[in-house]
Amino acid sequence: MFSGSAAPRDETPTPGRTAAGRPTAAEPVHRPVAASADGEDRATEAALRPKALDGFIGQERVREQLDLVLRAARQRSATADHVLLSGAPGLGKTTLAMIIAAEMEAPLRITSGPAIQHPGDLAAVLASLTGGEVLFLDEIHRMSRPAEEMLYLAMEDFRVDIVVGTGLDASAMSLELPPFTLVGATVRAGLLLPPLRDRFGFTAHMEFYGPAELERVVHRSARLLEVEIEPAGAAEIAGRSRGTPRIANRLLRRVRDYAQVTADGVVTREIASAALGVYEVDGRGLDRLDQSVLHALLKLFGGGPVGLGTLAVAVGEERETVEEVAEPFLVREGLLARTPRGRVATPAAWAHLGLAPPSGPSWSASPGPHRNGDAGRDGPPGGRTGRTASPAAPRPVPPSPP
């Protein structure tokens, strides 16, 4: 059972193991710009979260729409409609859920999709809700299908049907629920079934932040952390934050540590650049893993196309790590392209690393097989690769009869 002050369940895998507890083949990579956070970082991030909608920076359209929804509900003295927030990690979905509860002056209950794998789990959470309470369901797309189907009825009619007993002794009972507001957060809205999406009265997609917005985030966090920072230093941190406030706050803390140890504590552009260089975060926000993927793709495979498995082996990481951690940002930055025949580096990738692309036709235009160990699979029809059929000899023409 979850209390209103409980923190979101931590689904981060422990070192050397997956989220399900299975051993991994390689130690998880530490990334200063990763979206996940450890306990100390979570405590600091919680202190930096805005407590009201007016203090939330960025997402102007979402804030305007959400403000109308909440103000109308308060004027009617009713619970707010169910809210679905989608977008990449670190953009403020959890913060908005807390703000919704604060604006409605209602208690907040926090749980997550992976924690609800059986209808009974969901029924236990719903049965303990009080009238007007806000239930924040993080990673809602990872909830089990049976529990998701139970949630349909709870959201629409504020009741759940529970089967008690088994076999011939089984009986169904209906449990009435007080009105509540469900706030769902997901990074993959497409994985939600349409019946569930349709039951949300308000849906919002969180966009990545621009440099100016991130500078405001950095300045606000610096004031709360009592860090003296120059505008140029804030701009340097914002430019390497991948459009994500959570990453901007994390880089600010690392730069603060560097300035405290090696300088007078003032964050200037030079201090910020030197500090982020120590943590291997380059001018576009690429960290060590991102740079390793690009170096392997360009230097070892001539820009591709190359299969994901081969690329992962080249950088010493798991396929899932490369595909889910490094590739999304590289694709969004226009440095890497996913094609049916493999991963391909773009001209911007060559320019970013200061390398000259190879002369001659690019691999992306070549009809030959890609370099992923599956030679011949993408070759010409008939399975012939690397051969040119010799022309057939002309057949002799018989002489004409006299």
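The values are calculated or read from the model by the stated rules, or taken from the named source; none is laboratory data. Since the structure is predicted, the reported quantities are computational estimates derived from the model, not experimental observations. Don't worry about glycine lacking a Cβ; one is built from the backbone with ideal geometry, like all the others, and counts go over all protein chains shown. These accessible areas exclude ligands, DNA and RNA; they are computed on the full protein's heavy atoms, side chains included. Shrake-Rupley method; radii C 1.70, N 1.55, O 1.52, S 1.80 Å.
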So how many residues does the range 244-282 have that are of a type in the set (Gly, Ala, Ser) and in contact with a Leu (Cβ under 7 Å, 6 or more places away or on another chain)? 1
Only one of (1) touching an Asp or Glu at 6+ places or on another chain (Cβ under 6 Å); (2) crowded, with 19+ Cβ neighbours inside 10 Å fails for residue 114. Which number is that? (2)
Residue 91 vs. criteria out of contact with any Pro (no Cβ under 9 Å at 6 or more places or on another chain), under 21 Å from residue 246 (Cβ atoms) and buried (at least 22 other Cβ atoms within 10 Å of the Cβ): no
Can you name every residue in the range 316-355 that is over 27 Å from residue 89 (Cβ atoms), open to solvent by 30 Å² or more (accessible area, probe 1.4 Å) and not charged (D, E, K, R)? 340, 347, 351, 354, 355
At pLDDT below 85 and either open to solvent by 70 Å² or more (accessible area, probe 1.4 Å) or over 19 Å from residue 99 (Cβ atoms) (or both), is that true of residue 46? no
Would you please list the contacts, defined by Cβ atoms under 7 Å and residues six or more apart or on different chains, that run from a residue in the range 127-147 that is free of Cβ contacts under 8 Å to residues at least 40 places away in the same chain to a residue that is of a type in the set (A, V, I, L, M, F, W, C) and open to solvent by 10 Å² or more (accessible area, probe 1.4 Å)? none
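Okay, residues lined up against (1) buried (at least 21 other Cβ atoms within 10 Å of the Cβ); (2) touching a residue at least 24 places away in the same chain (Cβ under 8 Å):
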| site | (1), (2) |
| --- | --- |
| 274 | no, no |
| 284 | no, yes |
| 290 | yes, yes |
| 311 | yes, yes |
| 314 | no, no |
Among what's in the range 71-88 and is farther than 15 Å from residue 180 by Cβ and in contact with a helix residue (DSSP H, G or I) (Cβ under 6 Å, 6 or more places away or on another chain), pick the residue that is most open to solvent (accessible area, probe 1.4 Å). 86
